[in-house]
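> One structure, pasted below without further comment.
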Amino acid sequence: MREPFQNEPFTDFNVTDHINDFQEALRKVELELGREYMLKIGADRIETIQKRKSINPSNVKQIVGIVSQADTNFAHKAVLAAAAAFEDWKKVAPPARARVLYKAAALLRRRKHEFSAWLVYEAGKSWAEADGDTAEAIDFLEFYGREMERLSERQPLVPLTGEDNELVYIPLGVGVIIPPWNFPLAILAGMTMAAVVAGNTVVLKPASATAVIAAKFIELLEAAGLPDGVVNFLPGAGSEVGDFLVEHPLTRFICFTGSREIGLRINEKASISQQDQRWIKRIVAEMGGKDTIIVDEDADLDLAADAITASAFGYAGQKCSACSRAVVHELVYEEVIEKVVERTKQLKLGKANEQSTDVGPVIDERAYMSILKYIEVGRSEGVIVHGGIIGDSSGYFIEPTIVRDVAPYARISQEEIFGPVLAFIKADNFDAALDIANNTEYGLTGAVISRNRSRLEQAREQFHVGNLYLNRKCTGALVGVHPFGGFNMSGTDSKAGGRDYLLLFTQAKVVSERF
């Protein structure tokens, strides 16, 4: 019997040995930059004519890797390979499937700094953010392995004299996994291996910006002994293969994390039954947020400022859980702004591979230009009290930007920016603050900083988000501790990292025998 699940510890980068080890990993990975990566369909590695360069967002002249790109022909072959592999994989006992995840977790733990270094170079993550991403990937592997073993046990049913009744969870079939670029190891590993440990086979279409990290994870799964065809690696443009995979009649489910627009498109496409399709396709979707931290009049203002700063500017605000709105009671509004600005000024904007960097680059040119446009919108909708400018032109650097005196329904109060831009909104009272917090189409995360018990309890009931945090930041969900997923246009409230998640990749079958 395995030991109970525990979260993977984060690396303490105040320890000299840890610093040296991480620097060595960065040097090792740097020697591997620029290599080529192929598709993997079944047992075959396939190089294609069409390729895409993956760029280091801290240094746009540096190529992280060159990745072959699939077309619809290869997408079809990948689905067929997954369908063929499913016939064997579904028969593998759940504990044996779980052991593949445990082996992958052990391998990843041994190569933790190496994978984090890839996250630094390709995703632009600071040391701490990269380390957290890798730790979360390990957590997903360990947690979902145990969860599948739990679900494979005899499930409790009300007894009936003279009958033997059994409920079992069986896999769905072939799935399409479409992970995001912002957690290109953790979320990719979690989505992919949750489906796999439940007995499904998948086509993995990684985010284009972080496809090299995905390729490295595929290599890890091979080393862990995962059979060919269970996970098929299919990098390619969403415009080229995305709709094809979603609409394929053999696709049983789609697991997606990304923008609201693409999530809704997937949901729409998947709802249309194709010729020879024998099921209603299941959608598991996480689609973003417009997350709010409320600060009450009697709050610990230093705690509030710490929580807002960390939630808004960690990984340059490129988290669906990031605080993009601070709604502050009018009596403490000025003081909270002052404290957040003071803390933000201490953050160092710089290249992700430098240990001293707090805020690294945004992911690519498209994000860079979009965020800068939103900053210009912010100039017309409020007053910029910090930032609003770009950093070193060698990468996609944008200063953490704070805009005060923003109206609750302004564009930067409502639209997901996905960058280091924070809007401050003044509230007349706590009821008004809750109304503002709930006024977007999203409902992912939120936080309330208050010493008032009745108001905290009011927020428990009335703050309509999937993950609500009281007297702490609104980012940093831990696997098993904070099952993650949101309401409304934030998605299907999948509760990743929770006890319900694997049920999304299974179907329950009841067998009754009368004696």
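> Here is a check on your reading of the model: is Lys53 exposed (fewer than 13 other Cβ atoms within 10 Å of the Cβ), in the same structural domain as Leu226 (by TED's automatic domain parsing) and assigned to a strand (DSSP E or B)?
Yes: the conditions hold for Lys53.
> Do any residues in region 220-243 that are assigned to a helix (DSSP H, G or I) have Cβ atoms under 9 Å from those of residues that are of a type in the set (Phe, Trp, Tyr) and surrounded by 15 or more Cβ atoms within 10 Å (Cβ to Cβ), where the two are at least six apart or on different chains, and which pairs are they?
From region 220-243, the pairs are Leu220/Phe115; Val241/Phe74.
Here's the yes/no breakdown for (1) among the hydrophobic types (A, V, I, L, M, F, W, C); (2) surrounded by 22 or more Cβ atoms within 10 Å (Cβ to Cβ); (3) modelled with pLDDT of 95 or more:
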{"position": "His248", "(1), (2), (3)": "no, yes, yes"}
{"position": "Gln274", "(1), (2), (3)": "no, no, yes"}
{"position": "Ile283", "(1), (2), (3)": "yes, no, yes"}
{"position": "Gly288", "(1), (2), (3)": "no, yes, no"}
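> Among (1) buried (at least 21 other Cβ atoms within 10 Å of the Cβ); (2) over 20 Å from the mean Cα position of the chain (by Cα); (3) assigned to a helix (DSSP H, G or I), which single condition is Arg343 missing?
The number of the failed condition is (1).
> Further, regarding this structure: Out of the residues in region 1-59 that are without any contact (Cβ under 8 Å) to a residue 12 or more places away in the chain and charged (D, E, K, R), which is farthest from Lys112 (Cα to Cα)?
Top of the filtered list is Asp44.
> Quick one: which residue in Tyr368, Tyr374, Tyr315 is on the phi > 0 side of the Ramachandran plot and not in a loop (DSSP other than H, G, I, E, B)? Walk me through how you get there before you give the answer.
Details: Tyr368 fails: on the phi > 0 side of the Ramachandran plot; Tyr374 fails: on the phi > 0 side of the Ramachandran plot.
Result of the check over Tyr368, Tyr374, Tyr315: Tyr315.
> Being in a strand (DSSP E or B) and either surrounded by fewer than 19 Cβ atoms within 10 Å (Cβ to Cβ) or aliphatic (A, V, I, L, M) (or both) is the filter here, so list the residues in region 489-505 that pass it.
So in region 489-505, the residues in a strand (DSSP E or B) come out as 491, 496.
Once the filter is applied, which keeps residues that are in a strand (DSSP E or B) and either surrounded by fewer than 19 Cβ atoms within 10 Å (Cβ to Cβ) or aliphatic (A, V, I, L, M) (or both), region 489-505 yields only Ala496.
> Would you say Phe74 is aromatic (Phe, Trp, Tyr), surrounded by 17 or more Cβ atoms within 10 Å (Cβ to Cβ), under 29 Å from Val362 (Cα atoms) and touching a residue at least 60 places away in the same chain (Cβ under 8 Å)? Quick ask: steps written out before the conclusion?
Numbers: aromatic (Phe, Trp, Tyr): yes; surrounded by 17 or more Cβ atoms within 10 Å (Cβ to Cβ): yes; under 29 Å from Val362 (Cα atoms): no; touching a residue at least 60 places away in the same chain (Cβ under 8 Å): yes.
Criteria not met by Phe74.
> Are there any pairs, at least 6 apart or on different chains, whose C-beta atoms fall under 8 Å, with the first in region 305-318 and farther than 10 Å from Thr475 by Cα and the second part of a helix (DSSP H, G or I) and among the acidic types (Asp, Glu), and if so, which?
Ala305/Glu342; Tyr315/Glu129
> All but one of (1) within 20 Å of Val403 (Cβ to Cβ); (2) in contact (Cβ under 8 Å) with a residue 12 or more places away in the chain hold for Asp364, so report the exception by its number.
Single failed check for Asp364: (1).
The values are calculated or read from the model by the stated rules, or taken from the named source; none is laboratory data. Remember, predicted model here, so these are calculated numbers, not experimental data. Positions of Cβ are generated from backbone atoms using ideal geometry, with glycine treated the same way; all protein chains shown enter the neighbour counts.
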